[in-house]
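**Student:** Pasting a structure below so you can have a look.
The values are calculated or read from the model by the stated rules, or taken from the named source; none is laboratory data. Please read all numbers here as calculations on a predicted model, not as lab measurements. Note: ideal-geometry Cβ built from the backbone for every residue, glycine included; neighbour counts use all protein chains shown. When the accessible area is computed, the model is the full protein with side chains, heavy atoms only, and any ligands, DNA or RNA have been set aside. Shrake-Rupley method; radii C 1.70, N 1.55, O 1.52, S 1.80 Å.
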Amino acid sequence: MPYDDKRTGTVAAMNPARGMVAIATEDDGFTIIELLDGWELEAGDVLTWRNGYGLGSETYVNVSRGTRAEVYVQNHSVSRASLRQQLLL
């Protein structure tokens with residue numbers, strides 16, 4: 001898997017109470033991030049990030065709104081069947 005390539009995805013599902021967000025990627029399922037602050041996201045927002053499969057603290061950019069934030073990346077390549085568990089729902 002590439003580790004230093006820019007990736008893009010769309011906010012697909014959220015657990016606002018826990019600050020968890022699932023981002024649908026075109027290449028391999030969902031990326032799960034945890035919001036560390038009050039970054040405003042909505043379903044359908046397009047996000048991009050530089051460190052393709054990086055975990056932990058990363059900077060993500062909301063292309064739809066022109067904002068950016070530090071997030072905590074929990075997981076990549078998550079299947080649709082595992083989404084509820086990953087979002088702590």
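Listed here are the residues, each with its yes/no results for (1) in a strand (DSSP E or B); (2) surrounded by 18 or more Cβ atoms within 10 Å (Cβ to Cβ); (3) of a type in the set (A, V, I, L, M, F, W, C).
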residue	(1), (2), (3)
VAL11	yes, yes, yes
ILE23	yes, yes, yes
THR31	yes, yes, no
GLU34	yes, no, no
TYR53	no, no, no
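**Student:** How many residues are over 10 Å from the mean Cα position of the chain (by Cα) and open to solvent by less than 70 Å² (accessible area, probe 1.4 Å) when one looks only at the range 65-89? First the steps, then the outcome.
**Tutor:** Taking the range 65-89 and keeping what is over 10 Å from the mean Cα position of the chain (by Cα), we get 65-70, 77-89.
Still in the list and also open to solvent by less than 70 Å² (accessible area, probe 1.4 Å): 66-67, 69, 77-79, 82-83, 86-87.
Selection size over the range 65-89: 10.
**Student:** Taking the range 40-51 as the region of interest, how many residues are under 11 Å from the mean Cα position of the chain (by Cα), among the aliphatic types (A, V, I, L, M) and part of a loop (DSSP other than H, G, I, E, B)? Quick ask: steps written out before the conclusion?
**Tutor:** Taking the range 40-51 as the starting set, the residues that turn out to be under 11 Å from the mean Cα position of the chain (by Cα) are 41, 45-49.
From the residues that got through so far, the ones that are among the aliphatic types (A, V, I, L, M) too are 41, 46-47.
Next, from what is left, pick out any that are part of a loop (DSSP other than H, G, I, E, B): 41.
The total comes to 1.
**Student:** Of everything in the range 1-49, what is among the polar types (S, T, N, Q), over 18 Å from GLY66 (Cβ atoms) and free of Cβ contacts under 8 Å to residues at least 60 places away in the same chain? Give them in sequence order.
**Tutor:** Selection gives THR25, THR31.
**Student:** Could you give me the residue pairs with C-beta distances under 7 Å whose first residue belongs to the range 61-74 and is within 17 Å of LYS6 (Cα to Cα) and assigned to a loop (DSSP other than H, G, I, E, B), whose second residue is modelled with pLDDT of 95 or more and open to solvent by less than 90 Å² (accessible area, probe 1.4 Å) wherever it lies, and which are 6+ apart or on separate chains?
**Tutor:** Close Cβ pairs (under 7 Å, with a partner that is modelled with pLDDT of 95 or more and open to solvent by less than 90 Å² (accessible area, probe 1.4 Å)) amount to VAL63/VAL46; VAL63/LEU47; VAL63/THR48; SER64/ASP45; SER64/VAL46.
**Student:** Right, something else. Can you pull out every residue in the range 55-64 that is under 15 Å from VAL11 (Cβ atoms) and surrounded by 15 or more Cβ atoms within 10 Å (Cβ to Cβ)?
**Tutor:** Across the range 55-64, the qualifying residues are TYR60, VAL61, ASN62.
**Student:** Looking at this structure, is TYR60 of a type in the set (Phe, Trp, Tyr) and modelled with pLDDT under 95?
**Tutor:** Criteria not met by TYR60.
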